[in-house]
1. For the stretch 7-18, state whether one or more residues are in contact with a Ser or Thr (Cβ under 9 Å, 6 or more places away or on another chain) and on the phi > 0 side of the Ramachandran plot.
2. Right, Gly93: in a strand (DSSP E or B) and of a type outside the set (D, E, K, R) or not?
3. Just the residues that are part of a strand (DSSP E or B), surrounded by 23 or more Cβ atoms within 10 Å (Cβ to Cβ) and not aromatic (Phe, Trp, Tyr), please, taken from the stretch 18-49.
4. Looking at Val88 and the list (1) assigned to a strand (DSSP E or B); (2) more than 30 Å from Ser131 (Cα to Cα); (3) out of contact with any Ser or Thr (no Cβ under 8 Å at 6 or more places or on another chain), which single condition is not satisfied?
5. Filter the stretch 10-31 down to residues that are more than 19 Å from Cys179 (Cβ to Cβ) and not acidic (Asp, Glu), then give me how many there are.
6. Out of Ala177, Ala224, I need the residue that is in contact with a Cys (Cβ under 9 Å, 6 or more places away or on another chain) and either within 30 Å of Gly60 (Cα to Cα) or of a type outside the set (Asp, Glu) (or both). Which one?
Amino acid sequence: MPYNADIYYYAYHNEDTERIPVVLIHGAGGNHLHWPIQIRRLPEYKVYALDLPGHGKSKGHGWQQISYYSEQVIAWMDEVGLHKAVLVGHSMGGAIALDMALQYPQRIRGLALVGTGANLPVNDTFLENTSHETTFQSVVEMLTSWGFNLGTDPQLVQTARKQMLETRPTILHGDFAACADFDVRDRLEEITCPTQVICGSEDKLTPIRHSQYLADHIVSAELAVIPDAGHMVMLEKPEHVAATLEEFLTKI
């Protein structure tokens, strides 16, 4: 997998200039593997799945403001030659996608917002305990238990837990600080590009009300609620989410 602008990324159909480019942006403490293969390889599209700075295999360090992540993704788009793309963002990645649509609207062909919101309140326990290595593991345990719906394959949950434990505590703490500071509720009506909102019906970290607010206040937005899925809806129901994304992309 290549690097550009210090960002490591997975690319599918990278050389095909006729396909619409789709950029997948993971959430707090995540990496490109939070997007399952069914989504990283949408058959008809040129798909890129990023590791944000300081995450996964990317270089650099994380940020404590969403806008800084947006600048890094734009710099990466410039280096790989993407003038416009559809952004698919999960949780914090959805906040980055929203910020990019507001700050760089000419670069965005469409938005798919997965398990996210126009503001992302963070549990005080998460902020406090991610700042200390001795309590970091307890936060990861809480995130993975709250992030998946009951009945999810235990092996899937265990893999997600292991991946997050590999994240530096300072990175996850910075991500949570960025989420806590994020609020674009008063600017959603400025977004005019095609928008698909996706949420798991059992999401405990960003409950449906956050997705409904996005759908109600972004003029072009449609909401799809995935049954029997939690915050990590794309890992729990990859075929369902992939089908929803494909249907949305055919309209662009």
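1. Restricting attention to the stretch 7-18, the residues satisfying the condition of being in contact with a Ser or Thr (Cβ under 9 Å, 6 or more places away or on another chain) are 7-9.
Within this subset, residues satisfying the condition of being on the phi > 0 side of the Ramachandran plot are none.
No - not one qualifying residue is present in the stretch 7-18.
2. Values: in a strand (DSSP E or B): no; of a type outside the set (D, E, K, R): yes.
In short, no.
3. Keep residues of the stretch 18-49 that are part of a strand (DSSP E or B), which gives 21-25, 46-49.
Okay, now just the ones that are also surrounded by 23 or more Cβ atoms within 10 Å (Cβ to Cβ), so 21-25, 47-49.
Result: Pro21, Val22, Val23, Leu24, Ile25, Val47, Ala49.
4. (2)
5. Taking the stretch 10-31 as the starting set, the residues that turn out to be more than 19 Å from Cys179 (Cβ to Cβ) are 10-23.
Filter again for not acidic (Asp, Glu), leaving 10-14, 17, 19-23.
So the answer is 11.
6. Numbers: Ala177 fails: in contact with a Cys (Cβ under 9 Å, 6 or more places away or on another chain).
Just one listed residue meets the conditions, Ala224.
None of the figures in this text is laboratory data; all of them are computed from the coordinates on show. Everything numeric in this text was worked out from a predicted model, so none of it was measured. Quick reminder, even Gly has a Cβ in these numbers, built from the backbone with ideal geometry, and neighbours come from all protein chains shown.
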